[in-house]
Each structure stands twice: as C-alpha cells, then as structure tokens.
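The values are calculated or read from the model by the stated rules, or taken from the named source; none is laboratory data. Since the structure is predicted, the reported quantities are computational estimates derived from the model, not experimental observations. Reconstructed Cβ throughout: ideal geometry from the backbone, glycine too, with neighbour counts over all protein chains shown. Note: areas computed on protein heavy atoms with side chains; ligands, DNA, RNA excluded. Shrake-Rupley method; radii C 1.70, N 1.55, O 1.52, S 1.80 Å.
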Amino acid sequence: MINKLFALLFLVILLPIIIITILFIIIIDGNPVIFVQKRSGQNNSFFNIYKFRTMKKNTPDIATNKLS
C-alpha cells in the first residue's frame, strides 16, 4: 500500500516535467512521442518497453559507427 502511495506522489510531482517533455518532442520533431521497442525478458519471453523518443523520426536503423 505504501509503495502505491509513493508512486502516486512521484507521479504528481513529475507530471509537469513529463508534460513539458512531451511538448518539446512535439514542437521539435512531431509525433509519435513514445518509442516502443520489443525486448527479450526472462525465460525468453518478449515484452514491450515504452520510452520518450529521443532520436529523429527517420534515423536509419544501423550502428552509429557505420554512419560516416
């Protein structure tokens, strides 16, 4: 029960920062704001991870050392 209260408290505290981050991403590069990636978890089960998009939309899917 106490964990849920702390999570709710931190959500309320961080909500303005989250909203500002969303607005910056939309202004700079548009939608989508959230990046979804499939990851491999325990016992080879897959799950989706959601995070703020930090790269441009049309960035090629190759290693950065091969971009030159």
Can you tally the lysine pairs in the chain where the Cα-Cα distance is under 21 Å and the two residues are eight or more apart, or on different chains? 5
Please report Rg (one decimal) and Dmax (integer) in Å for the Cα set of the chain. 16.5, 52
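Counting only protein heavy atoms, what percent of the accessible surface of the chain is carbon or sulfur at a 1.4 Å probe?
So the carbon and sulfur contribution to the accessible surface is 67 percent.
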Using the Cβ atoms and a cut-off under 15 Å, what net charge is assigned to the surroundings of residue 36, where Lys and Arg are +1 and Asp and Glu are -1? +4
For the chain, the per residue accessible area (1.4 Å probe, Å²) is 93
